[in-house]
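Trainee: I am attaching a structure below and will ask some questions about it afterwards.
The numbers here are math on the coordinates, done by the rules we state, and not lab data. Because the structure is a prediction, the values reported are computed rather than measured. All Cβ positions, glycine included, derive from the backbone under ideal geometry; neighbour counts span all protein chains shown.
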Amino acid sequence: MARALTEISGGSYPVTFSEVHKTVPTSNTLIDVDAQRAYYSLFYETNISDSTPESRSSLIKRLESVRSSLPPGGVILDLGAGKQILEAEHISQFGTPKTVYNWRGECVYAYNFLTVDHTPLRPDQLLAHDAPHVSHLKASGDQLDPIRDASLHVALSNLALDFMPRKSIEELHRVLVPGGRVFLNLSDPRSTIPNNLDDAYARMNYKMYGNRWTRKKPQKTEDRRTLLMLKNKRMLRDAKELFETNEQIWETFTSYGFSLLSVTNCSQEDSDGWRMHWWEVDLEKPPIENLVFKA
Ligand SMILES: C[S@@+](CC[C@H](N)C(=O)[O-])C[C@H]1O[C@@H](n2cnc3c(N)ncnc32)[C@H](O)[C@@H]1O
């Protein structure tokens, strides 16, 4: 497998193939990418991450199951990586990605992280910025144009891919090598979207702007961030992009040409008794031999 992956990443694979799927669903236009960016720009001014440690350690564990089979120079994509918290935690567990040579001086092992996020982040905000073999690209998941077709080997996304327009799944499929693996944690609306969302939004809006008789200027940054967060959650709820069932996950990812390896609904109770739910989804872009070749 490693040999085939290296050939493809070098751009020398000789055949043109038409993938099993052809009808890709149209991109969901209800996702307001600018609203997301506005919220996370403010959020990252004072916070390091918007995910639980458990969700990240599960991703790191799943990544470890394939990391040693990456070809030399293999690239691990982290889509919606935020401030590179996952990479920082990976480095604190396993050290910085290193290049290993055999006795003949040939590179036998090396991997790279490529983090992608559309929120503008300064280099000093990126936690693994100084680490070797970690690069960052500011881009939206549905516009990965700077990344060549079939050039990345593994992809991760922690509670982020389902916040992006659906075209991001098509882009993910495009940039991965055949046989490339994907490890996702996806939000479960039971924990992400509170029942009283509209009330909470109306109350916060009133607190900040008053009504038409008591109109006032917004005051605190903290309030502005809360309002943007609630607005974002309403947008996500109305866009109906978050996955509620295994079947929706299966249908969506297979329609973009992925094979589903496993789906698990996980939950964890925090110290305040709040139960957090999320989906763990492992996928594969089918290897060359499973693809339908053009005559
Ligand atoms: C819930 S946070 C998770 C961040 C990080 N993966 C973690 O574990 O802390 C969602 C992230 O997705 C990013 N995001 C949302 N929509 C995006 C898009 N269209 N393209 C790229 N990144 C996006 C946000 O900027 C944010 O950093």
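Trainee: I need the phi-derived Karplus couplings for the stretch 52-64: 6.51 cos²θ - 1.76 cosθ + 1.60, θ = phi - 60°, integer Hz, Gly and Pro marked x.
Mentor: Listing the rounded values in order: 8, x, 5, 5, 6, 5, 5, 5, 4, 5, 5, 4, 4 Hz.
Trainee: Local charge sum around GLN268 (other residues, Cβ-Cβ under 10 Å, Lys/Arg +1, Asp/Glu -1)?
Mentor: -2
Trainee: Binning at 10 Å from 0, report for the stretch 54-171 what percent of all alpha-carbon pair distances ends up in each bin.
Mentor: Result, from short to long distances: 13, 45, 34, 7, 1 percent.
Trainee: Let me ask you something else. What pairs in LYS98/LYS285; LYS220/LYS240; LYS61/LYS285; LYS207/LYS231; LYS61/LYS240 have C-alpha atoms more than 24 Å from each other? All intermediate terms of the calculation are to be shown ahead of the outcome.
Mentor: On the way: LYS98/LYS285 26 Å; LYS220/LYS240 31 Å; LYS61/LYS285 20 Å; LYS207/LYS231 15 Å; LYS61/LYS240 30 Å.
Listed pairs above 24 Å: LYS98/LYS285; LYS220/LYS240; LYS61/LYS240.
Trainee: Defining a contact as two alpha carbons under 8 Å apart and six or more residues distant in sequence, what relative contact order in percent does the stretch 124-186 show?
Mentor: Values: 74 pairs, mean separation 24.5, N = 63.
Relative contact order of the stretch 124-186: 39 percent.
Trainee: Read phi for every residue in the stretch 190-202 and hand back ³J(HN,Hα) as whole Hz from Karplus 6.51 cos²θ - 1.76 cosθ + 1.60, θ = phi - 60°, with x for Gly and Pro.
Mentor: Residue by residue, the stretch 190-202 yields 4, 9, 7, 10, x, 5, 8, 4, 5, 5, 4, 5, 5 Hz.
Trainee: Based only on other Cβ atoms within 10 Å, what is the fewest-to-most ordering of PHE94, PHE258?
Mentor: Fewest to most other Cβ atoms nearby, the residues stand as PHE94, PHE258.
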